[in-house]
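Below is one structure, written out as structure tokens; the observations come after it.
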Amino acid sequence: MPVAIITGASKGLGRALAEALAARGWDLVLDARTAEVLQETAAGLQTYGTRVMAVPGDVTDAGHRSELVAAGWRLGGVDLLVSNASALGAEPLVRLDELPLQGLRRALEVNVIAALALVQEALPLLRASGAGTVITVSSDAASEAYETWGGYGASKAALDHLSAVLGAEEPGLRVWAVDPGDMATDLYAAAVPDDDDPRPAPASVVPAFLRLLDERPASGRYGAPSLLEGRR
Ligand SMILES: NC(=O)c1ccc[n+]([C@@H]2O[C@H](COP(=O)([O-])OP(=O)(O)OC[C@H]3O[C@@H](n4cnc5c(N)ncnc54)[C@H](OP(=O)(O)O)[C@@H]3O)[C@@H](O)[C@H]2O)c1
């Protein structure tokens, strides 16, 4: 069975993706900081009969990242690494003139440095996979200048660039940066608590990720809306 590590997998997009992969027979290593919620998510996936290892911790912790990759190794390797865990830098989001620099540092630490560090840790297993794949979860805030999304957007732009260069440096892997579009999740509510407009459920964008895995297009940046055309 193929093995995936998914960070930020206890809820939101990470959990929806974990469920879809478990349904397809993937063995999973799941990460999030809040152990009880992560364990509940992992328990809910038992119904699919695949092996699911819940490894609670913070992606910024080097020891925790090693545990994630070691768990993948125990399951037989790492075929897919999804860097999905994310920090906003300020909750709610604020304009750049008020953005706490500590918040920006945290967003860069979680969204960029930890993501690269986990790739570095998993690379030997990804290269050995034969179908090694890295997915980094991006945002349209990486490419559009939305007021208050500057710090988070800058971190996602940096993540996009790391992903693009990784794709060039590792021709044996697929490296996809994926913008999922807006989703109704705790992260979105924390970012913009006054925005009551309905947003799509995370599960509704999962078919975009499955399409990438099925079709294995070239490494690059992809947006969920175009991947979902004719797919829902
Ligand atoms: N929601 C949107 O509208 C939207 C739009 C564009 C892009 N995105 C991106 O989509 C991805 C998923 O976000 P979401 O909206 O699904 O968020 P979510 O529902 O709030 O889930 C975030 C997940 O990440 C975990 N997490 C957060 N910080 C972590 C850390 N430092 N270490 C380990 N786990 C951590 C959370 O659990 P704990 O808190 O327990 O750690 C949770 O499992 C993110 O990369 C986000 O930037 C979201």
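Convex hull volume of the C-alpha atoms in the chain, normalised per residue: 117 Å³. In plain terms, the chain from Ala168 to Val94 could stretch by 23.2 nm, reckoned as 0.36 nm per residue minus the Cα-Cα distance.
For a label point 7 angstrom out from the Cα of Asp186 toward its Cβ, which stretches of the stretch 71-90 have the backbone nitrogen within less than 14 Å? Counting backbone N atoms under 14 Å from the label point, the list is 85-88. Once divided by 2.2 N^0.38 Å, the Cα radius of gyration of the stretch 1-104 becomes 1.17. Only helices enter this figure: runs of n ≥ 4 DSSP H residues, each worth -39500 (n - 2.57), summed and divided by the residues of the chain, yield -13500 deg cm²/dmol at 222 nm to the nearest 500.
Any read-out appearing in this document is the output of simple, stated calculations on the displayed coordinates, not a laboratory observation. Predicted model, so just to flag it, every value in this text is computed and none were measured. Quick reminder, even Gly has a Cβ in these numbers, built from the backbone with ideal geometry, and neighbours come from all protein chains shown.
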